[in-house]
C-alpha cells in the first residue's frame, strides 16, 4: 500500500509540473506597455526616410523601451522579432514629462534611416541606408512639463535595428527612451491591436 501511495504522489507531482510548464509556455510574453510602435509594411522597396509611403498593412506593438536591435534584426530582448522582414516604416509618437528642466541629448542607433523630433523640432536624422550606427543628436533645452517624442524610422533590406537613448546634460548615464529617470518620465501608452 505504501508503495502505491508513493507512486501516486510522484505521478501527481509530475503531472502538476507538466501543467505548470504548459501554462507558462502558452502565456504570451509581455513588457510594460510604454511606447506604441506603428509598424507599416511598404509595398515597394524603401531607400530613404523621406520617400512617399505606399503602405500594404500596419500593426501596432507595445514595447517598454526603444532597444530593438538584437542579433542584427529588428528584435526586442524580451518580445523577440517585431514587424516585418524588410521594407517597413516604424512611427513612434510618445508623450513624456520633464521633471527636472535642463538640456538633454538623445542618441539614436539605427540601421537604416530615421528622423527624431521633440515637440515638433527636428533634432537629428539619417535619411538613407546604413549599417547600425549611433548618432548624437544636438542638445535641446526642455522646461518642466509635458513634451512629445516623435520618431520615424525605416528598415530597407538586410540587417536591421533601432536603439534610442537620452541623458540630461552634466550626467553620464544614458537611459533608454521609455525608461524613466529622475529627469524624465514616460507615460504608458495603449495599443488598439494587442501584440
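Counting only residues that are more than 23 Å from residue 120 (Cβ to Cβ) and either exposed (fewer than 13 other Cβ atoms within 10 Å of the Cβ) or in contact with a strand residue (DSSP E or B) (Cβ under 8 Å, 6 or more places away or on another chain) (or both), the stretch 140-162 holds 5 of them.
Inspect the stretch 185-195 for any residue being modelled with pLDDT of 95 or more, over 16 Å from residue 49 (Cβ atoms), out of contact with any strand residue (DSSP E or B) (no Cβ under 7 Å at 6 or more places or on another chain) and loosely packed, with under 13 Cβ neighbours inside 10 Å and give the result as yes or no.
Within the stretch 185-195, the subset modelled with pLDDT of 95 or more is 185.
Filter once more, keeping what is over 16 Å from residue 49 (Cβ atoms): 185.
From what's left, out of contact with any strand residue (DSSP E or B) (no Cβ under 7 Å at 6 or more places or on another chain): none.
Scanning the stretch 185-195, I find no residue that is modelled with pLDDT of 95 or more, over 16 Å from residue 49 (Cβ atoms), out of contact with any strand residue (DSSP E or B) (no Cβ under 7 Å at 6 or more places or on another chain) and loosely packed, with under 13 Cβ neighbours inside 10 Å, so the answer is no.
The values are calculated or read from the model by the stated rules, or taken from the named source; none is laboratory data. The structure displayed is predicted, hence computed values, not measured ones. All Cβ positions, even for glycine, are placed from backbone atoms using ideal geometry, and neighbour counts span all protein chains on display.
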